[in-house]
Amino acid sequence: MSGGSPLRPVRELSARPVVLAVGALLATASLIAALIVLEPRVVAGFLTACSAVTAAVMVRAAVQRRTAGPRLRVFALATGIGLTAAAGAASGAAMLVAPGALVGGVPLQAEIPLVTLFLVAITFLPAILRPQQHRDSLVRLRVGLDVLGVTACLLFVAWMLLLGTGERRGASITALICGATAAAAVAVNGVHSLRQRAALQWCGPAAALVLIGLTALVIGMDYTKDMDAGIAAVAGAAAINVAAGLLWFGSVRLSPDESPMPPPGSESSAGFPLLALPVLGSALVTVHHLLNGGGPDATAIALGSVAITAVAAREWVSSVALRRQAGHLTDQGNRLRSLMFGSGDVAMVLDSNLAVRWQSAAAARQFGLSDQEVLGRAVTALVHPDQAEAVHAHLLERLSGDSDGDGALAVRLRDGFGRWRETEWTTSGADPAEPGHTLVVHVRDVTNMRDLEQALRESTHRDRQTGLANREGLVRAAELTPDAGAMIVVELGGLTAIGDVRGRDLAESVLVEAARRLRTQVPGSDIPARIGETRFAVLTHSGAVRAHLLAGQLVNTLSAPYLTAGTVSHLSAWGGLADGSADHDTDEVIRRAALALRSVRSGPPGAVEWYETEMETRLLRRSTLEQDLPGAVTRGEIDVRYQPVLELDGRRPVGVEALPVWRHPRLGLVPADELQAVAEDLGLRSQVEQAVLQRSCRLLARWRHLHDTLWLAVNVRPRQLVDPAFQATLETTLEDHELPHAALVIEIAEQHLSDVREDGRQPPVEEIAAQLGRLRAAGVRTAVDNFGTGPTSLSRLRILPIDLLKIDRAVFADPVETFRQAGAVMDVAVTLGRRLGMEVIAHGLEETLDLDTARSAGCRLGQGDLLGPAMPAEHLEALLEQTRV
């Protein structure tokens, strides 16, 4: 069974062409049989009715929104085809049931399609004429002349073949006039479409074919006794079905062309021989009549005259449009030529001997070099003698293709007045007319730029201490070089410490050496500057990738040891980058680069970062918090949330952890981690923790009436822990609220125990251990929070006087580990804690699997959102009431 199923689609796919071929043969056989058995006009009517299938398919596609083109166009075209099919069926039935019935002197079977012809024209014209094409006056005139010419040719052919010598019937004449006019209008507008032309160039001629077929059906039904008219009706019915299929393809399957409109006179259909076929048909019909002894009557002559006049006028309008397009192209060429000749850069074409074969007009205007002085001479004759050999070798490398054309060569060029000019030479390959034997050189005058650099060094735009441009000089230089790619801002760390320890003179020497290193690393076209006491900036022309590489090189260079005055000094460096696009002024670009620098300044030295919008959002939030937090602490707006610590078996609360939060009026709720970090940087951490301690102890005294063994855990930073006033504050708070010392747990995060810094901001672990021992001796319990997230060694954990060990979820909920592996890790951690005499708490329980892992390891206590999230005091009190024994 499974082996045969893949072959089933192949059999169905291969059988489909056979089914279609058999269906086509059956349809053809049925048509031939119907023509033999039935009246041809009856067959024509019912054959026309077959187009209803196509109309139904189009309507279904439009309803299901599976059309490539506009749905309204599909509905309109499907309506026209449906009306045509209905008219064909009614006409065939009338011919079969009541062939002699008349309506106003017109046979009923002819009156039905005649009325339908007007309705179909009304539905087709809006579908083809939309969307509006926005043609200019000449194109509109040409389209109108095409409609007039095609209409006249169609009427001329029909008049000569049907009405010129035979009986003239009013219904046929009306159908000819309406059908020819509408068919010409939709065909011409479809062929000449500018918008959505891919679809309209199919739909327009197809709609015209439907109208012509419907006109043939009217004429065939009108001339009931003419055998040729019946055959024409059958041919028209077949044409209607073919045209219906083309309309389905053009409106449903073919996606409209939404490309921009072409310039006037250059549209793809401007030279389309639209009138060739109608004019040729008119000529053949005329020759046929003349050979058979007939001739055109007055009406035919009038129609022919109109057609000839329309064709002649159309050709005249086309010639005017072509001349206007030629003039437009000439203007464009002149404009391009003027741009080339007006360029400030000089272009030279050198031959294989590096002799100048051609130079642009800018050579005489910019450098005073005439063609007589330059053409035929070696280009190195224009170069300073000290640089002639280097320039010759450089150009030979470019000519041979041994090196690419990137980078500019600084060359001193003698102008036509005998002065030496500072220039930059770049190459762009060979002359396209003679590849392999020539070299195109672009010469740019950079004398003004060099003069500007000199002026920056000798004016107020120069930093006197380092010789670099200052901030004003950087802004001025950026205004003169608008093609800058990026702004790099580098900050040095440790320079102040050098001045404090080893003297100001040594610090200045190190700063000058740093500026020298910066200058040597920056390319000649870039602009280095000093924009602060310890901050440099570089305005570079490099792209994003090269600018980032340059920033990394600068940071590494400036971080290397400095040997000055026999003393080795060390600095740290960070880098920030911002895009130097023309959308922002230089001050804004510097500000953005400084924000990127501030973002990486708190990280390890050597980091380089680009400015991002999210970065500014984060820094703005941090700045807002730093500005508003002191006032919030003063006004007592810091709130506290409490997360319970529960027994895993009975879910009975045994303790709570106090977490300070702050509801900012604009930023919303500020979580505990972010609040504590900001408070630490502002020196407000002790005030926040004292407020939390006072409020929490007051509530704990009331909660212990519900759970007499309930304890409170508060987070403390090591710097506050070793503060002599901290233990006194604890004693006072516990006495004020009549709480035993064992009811309080002091938590220290593991990362604070292992993060021993050399900058003095973190006390050594031995001092932390001593203070924890004093607290433990007084009866206060101690805990390590988030164990497992830092590199705390077992030996260090062994010497710390710890009562509780909170194992972080990262230890037992690693997504890479299996449940068995996570359980084994948790089991080791629990065993370790118990052997060291500590109560183990599974911290951060979020999923049921976390709870199972903790229980299987023998852990008795747990904390996390799964057991209870951090909540206001009222909610915790309600929880304590529910679990009260």
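A few remarks follow.
- Cβ-based charge dipole, the chain, positive-most Cα from Ala725, Gly69, Leu554: Gly69
- Kyte-Doolittle mean at least 0.5 and Cα axial length at least 20 Å: DSSP H helices in the chain: 8-37, 71-97, 108-129, 137-158, 170-191, 197-222, 227-248, 276-291, 544-559
- The convex hull around the C-alpha trace of region 346-445, projected and averaged over every direction, spans 5.7 square nanometres.
- Dipole check for the chain: with +1 at the C-beta of Lys and Arg, -1 at the C-beta of Asp and Glu, and the Cα centre as origin, the magnitude is about 2420 Debye.
- Kirkwood hydrodynamic radius of the chain, from the reciprocal of the average inverse Cα-Cα distance over all distinct pairs: 38.4 Å.
- Positive-end ranking of Ala770, Ile128, Ala742 along the dipole of the chain, with charges on Cβ about the Cα centre, is headed by Ile128.
- Dipole of the chain computed with +1 at Lys/Arg Cβ and -1 at Asp/Glu Cβ about the Cα centre; of His442, Pro113, Val356, farthest Cα towards the positive end is Pro113.
- Scanning the chain for GluC sites (Glu not before Pro) lying in DSSP loops with no more than 11 further Cβ atoms inside 10 Å, the longest uninterrupted stretch between such sites is 534-737.
- Neighbour net charge for Ser623 - beta-carbon separation under 12 angstrom, K R +1, D E -1: 0
- In terms of Cα atoms, the Rg and Dmax of region 624-882 work out to 18.0, 51 Å.
- Semi-axes of the equivalent ellipsoid for region 653-736, computed as √(5λ) from the eigenvalues of its C-alpha gyration tensor and ordered from largest down, come to 23, 18, 10 Å.
- Relative to the Cα centre, the charge distribution of region 624-882, modelled as +1 at Lys and Arg Cβ and -1 at Asp and Glu Cβ, gives a dipole magnitude of about 500 debye.
- Relative to the 2.2 N^0.38 Å rule of thumb, region 607-694 has a C-alpha radius of gyration ratio of 1.35.
- Values of log10 I(q)/I(0) for region 453-611 across q = 0.09 Å⁻¹ run -0.26, by the Debye formula with one identical scatterer at each alpha carbon and no solvent.
- Debye, to nearest 20: dipole size of region 453-611, +1 on Lys, Arg Cβ, -1 on Asp, Glu Cβ: 420 debye
- Here Ile527, Ile240 are placed in order of increasing Cβ neighbour count within 10 Å, fewest first, which gives Ile527, Ile240.
We did not get these values from a lab; they are worked out from the coordinates using the rules stated. Treat the numbers as computed from the prediction; the structure is a model and nothing was measured. Every residue, glycine as well, gets a Cβ built from its backbone with ideal geometry; the counts of neighbours run over all protein chains shown.
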